[in-house]
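Accompanying notes for the structure given below.
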Amino acid sequence: MKDVSIEDKLFYFEKNFVTLDGLWMLETEIHTDFETALKIDLIVWQRLLKIIFRRTKRYLNIETNNIQDIVEILSFRWSCEGWEYDIIKKEENMAIFHIKKCPYKAMIDRNEERHKVIPDICKRMCDPLYKSAIKSFNPKFEVDRTKFMGLGDKFCDFSIKIT
């Protein structure tokens, strides 16, 4: 058995995680249609993101489900996946993120034939995905999104507050 380092594993999984998602979406679309592929992808990602949140919470030894905790979990996930973001506000009852680089949008940007699906991915995939996952983390959370790079904005925003 070949010895591989943590860096080797990080390279392997980082480079292939987003690619797997993109290829899965393309093949599903080829064998069905875009609407069906998007619907299935959203369902799978909603389940996966809840699992990711739960595992990350355990990994980071987080014991509560407050605003600070969701900020830690999202920051961990996004940093691992290579997102670029700023935490604009981090208060007891509210947090605001600005996303400057999304690896999923960046992947689609590299394929000119797929540019037309970017608005759908942003509004019909990313938006409901995060709203659902964050609400499952704490049903008292409300997520507001007004900016989407895929719709022409300079950044994406996530505003999370307790209702």
Given the structure, is Arg77 more than 15 Å from the chain's Cα centre (by Cα) and under 24 Å from Tyr12 (Cα atoms)? no
State whether one or more residues within the stretch 117-130 are modelled with pLDDT of 95 or more and of a type in the set (Ser, Thr, Tyr). yes
In the stretch 39-58, which residues are out of contact with any helix residue (DSSP H, G or I) (no Cβ under 8 Å at 6 or more places or on another chain) and closer than 20 Å to Ala95 by Cβ? Arg54
Given the condition touching a residue at least 12 places away in the same chain (Cβ under 8 Å), farther than 16 Å from Val44 by Cα and β-branched (Val, Ile, Thr), answer yes or no: does some residue in the stretch 122-140 qualify? no
Quick one: Lys15 ticks every box in (1) at pLDDT below 95; (2) surrounded by 13 or more Cβ atoms within 10 Å (Cβ to Cβ); (3) not β-branched (Val, Ile, Thr) except a single one, so which number is it? (2)
Identify, by number, the condition in (1) polar (S, T, N, Q); (2) more than 17 Å from the chain's Cα centre (by Cα); (3) closer than 28 Å to Leu20 by Cα that Ser136 doesn't meet. (2)
Of all the residues that make up the stretch 99-120, how many are surrounded by 14 or more Cβ atoms within 10 Å (Cβ to Cβ), within 15 Å of Leu151 (Cβ to Cβ) and free of Cβ contacts under 8 Å to residues at least 60 places away in the same chain? 5
Determine which member of the set Lys135, Lys100, Lys123, Lys89 is of a type in the set (Lys, Arg) and closer than 25 Å to Phe34 by Cβ. Lys123
Among the residues of the stretch 87-97, is any under 12 Å from the mean Cα position of the chain (by Cα) and either modelled with pLDDT of 95 or more or under 25 Å from Asp144 (Cα atoms) (or both)? no
When Gly82 is run through (1) at pLDDT 95 or above; (2) at positive phi, the failure sits at (1)
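The rows are residues; the columns are (1) without any contact (Cβ under 8 Å) to a residue 60 or more places away in the chain; (2) of a type outside the set (Lys, Arg); (3) farther than 16 Å from Val143 by Cβ.
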position	(1), (2), (3)
Phe53	no, yes, no
Ile73	no, yes, no
Glu81	no, yes, yes
Glu91	yes, yes, no
If you scan the stretch 68-126, which residues turn out to be assigned to a strand (DSSP E or B) and among the hydrophobic types (A, V, I, L, M, F, W, C)? Ile87, Ile88, Met94, Ala95, Ile96, Phe97, Ile99
Just need a number here: residues in the stretch 121-163 that are more than 16 Å from Ile96 (Cα to Cα), aliphatic (A, V, I, L, M) and surrounded by fewer than 16 Cβ atoms within 10 Å (Cβ to Cβ). 1
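The values are calculated or read from the model by the stated rules, or taken from the named source; none is laboratory data. Note that the coordinates shown come from a computational prediction; the quantities given were computed from them, not determined experimentally. Methodologically, a virtual Cβ is constructed for each residue, glycine included, from the backbone with ideal geometry; neighbour enumeration extends over all protein chains shown.
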